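The structure appears below as structure tokens.
The values are calculated or read from the model by the stated rules, or taken from the named source; none is laboratory data. Predicted model only: the values in this text are computed from it and were never measured. No Cβ is skipped: glycine too gets one built from the backbone with ideal geometry, and neighbour counts run over all protein chains shown.
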Amino acid sequence: MQWRRLIRLTFFKSPLSCKLSPLKLLTLQFAWIIPYLFLTNYLERSLLPFRLLCYTQSNFLGVNSPLREDFKGCVRSFFPARDKDEDCGLNRRIDALIEPRTVKPWHQRMVVIRSAPMSAGYRQYVRDSWAPTLLPEVPTVFVTGHGNDDVLRKEHEKFGDILQLDFVDSYKNLTLKMMAIYGYILRAKPNIQDIIVINDDTIVNATALHQIAVSTSDDAYVLGKVSRGYPRLLMWWLPWYVPGSMYPSMCYPPFIQGSSFIITRTAAQRILNGICEIPAIHLDDVMMGVVANCLRVDLRHNEGFDHHTLDEYVVFHYQYSRYSVAEMFALWRRSGLGSRAVNDPIRW
């Protein structure tokens, strides 16, 4: 690419030379900061000093490197002053109020789309855009909790793709929602090997997704965008705020971005079995980072997940704000992935 050639010509005396002076090396190391400040949003710019600090904390940068070899020691390293929650209900059985008809006994994979009960427009967007481009062997299911029951029943009667679970659907209950999903699939869908978890404000590149091989029965991993060097937010008014009493460290361990990932059946079972042995954090992706670290669940990075631009992606998702349904339809048209024109979303 042109920018790579420009860097080589600027910093190297000749294309064959690879020696850098200390000044040029220092310039290269920090040259990214200026474009970073221009291209990122306010929150990311505000976090830059803390992210730089977290990148000096080697204990929190190693992917698939537990803080301690033994499980209890690992948990104590993350939570030196907290014990496990004795009334933890994250691994309890949560019954299904509505069950999908789209998942068949021979399916080995399923796409689980996390959706709020009131998000009928986003569900219809998915049905009318990228869901039909998936292979028949990969069914899609929308998962919600309580609320908007009449609309959910009408959708289910028409499409058969709703899984409504018996819990209160809220941002604070995202970890509970994921555990309820894993529990249901482990009980009711014995042949599912891979659970593909996706938010409803995304675009999925079906071709790229199908190129990812199905796991084997012994694999215990989560595949997605691995994030490192993220600090604990101190801004109490933000939904991502975590108090020091809940998580004392300044930095989080590596974690998979929660907007889209693939988790194997073995990993889901291991996490469900061990989740209540670890003090809870309400941020589900951060909680899964801690759990994966101590339970030895591998995190596998794939750059195509949680991608912010419409190029070379498996799952497109803009994490800093939620696009409207109309904007998602417009982005889908721009993506060029659809084989047919997309109609306007159905109004429920």
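Here are the numbers for the structure shown:
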| read-out | value |
| --- | --- |
| Residue in the range 257-268 that is in contact with a helix residue (DSSP H, G or I) (Cβ under 6 Å, 6 or more places away or on another chain) and at pLDDT 95 or above present | yes |
| Single residue of the range 152-185 satisfying the filter (within 24 Å of Asp128 (Cβ to Cβ) and among the aliphatic types (A, V, I, L, M)) that is farthest from the chain's Cα centre (by Cα) | Leu152 |
| Residue within the range 186-193 that is within 25 Å of Pro279 (Cα to Cα) and either of a type outside the set (D, E, K, R) or within 20 Å of the chain's Cα centre (by Cα) (or both) present | yes |
| Of all residues making up the range 128-155, the number that are part of a helix (DSSP H, G or I) and surrounded by fewer than 18 Cβ atoms within 10 Å (Cβ to Cβ) | 7 |
| Selection count where residues are not in a loop (DSSP other than H, G, I, E, B) and not small (Gly, Ala, Ser), scope the range 175-203 | 18 |
| Odd one out for Gly73 among (1) out of contact with any Lys or Arg (no Cβ under 8 Å at 6 or more places or on another chain); (2) under 22 Å from Met250 (Cα atoms); (3) in a loop (DSSP other than H, G, I, E, B); (4) of a type outside the set (Asp, Glu) | (3) |
| Looking only at the range 250-302, and only at residues there that are part of a helix (DSSP H, G or I) and of a type in the set (Lys, Arg), the one that is nearest to Ser58 (Cα to Cα) | Arg270 |
| The range 289-303 - residue that is out of contact with any helix residue (DSSP H, G or I) (no Cβ under 7 Å at 6 or more places or on another chain) and in contact (Cβ under 8 Å) with a residue 60 or more places away in the chain and, of those, farthest from Val75 (Cα to Cα) | Glu303 |
| Residue ID - surrounded by the fewest Cβ atoms within 10 Å (Cβ to Cβ), chosen from residues in the range 77-118 that are in a loop (DSSP other than H, G, I, E, B) and within 19 Å of the chain's Cα centre (by Cα) | Ala116 |
| Only one of Ser77, Ser129, Ser119 that is in contact with a Phe, Trp or Tyr (Cβ under 7 Å, 6 or more places away or on another chain) and either at pLDDT 95 or above or of a type in the set (Ser, Thr, Tyr) (or both) | Ser129 |
| Filtered residues of the range 260-283 (kept if surrounded by 22 or more Cβ atoms within 10 Å (Cβ to Cβ) and closer than 23 Å to Trp236 by Cα) | Leu283 |
| Gly224 vs. criteria small (Gly, Ala, Ser) and either over 17 Å from Asp85 (Cα atoms) or touching a strand residue (DSSP E or B) at 6+ places or on another chain (Cβ under 9 Å) (or both) | yes |
| Output for the range 218-243, where each listed residue is under 29 Å from Thr264 (Cβ atoms) and more than 17 Å from the chain's Cα centre (by Cα) | Asp218, Asp219, Arg232, Val242 |
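For (1) surrounded by fewer than 19 Cβ atoms within 10 Å (Cβ to Cβ); (2) in contact (Cβ under 8 Å) with a residue 24 or more places away in the chain; (3) touching a strand residue (DSSP E or B) at 6+ places or on another chain (Cβ under 7 Å), each residue gets a yes or a no:
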| position | (1), (2), (3) |
| --- | --- |
| Asn191 | yes, yes, no |
| Val197 | no, yes, yes |
| Val204 | no, yes, yes |
| Pro243 | yes, no, no |
| Phe255 | no, yes, yes |
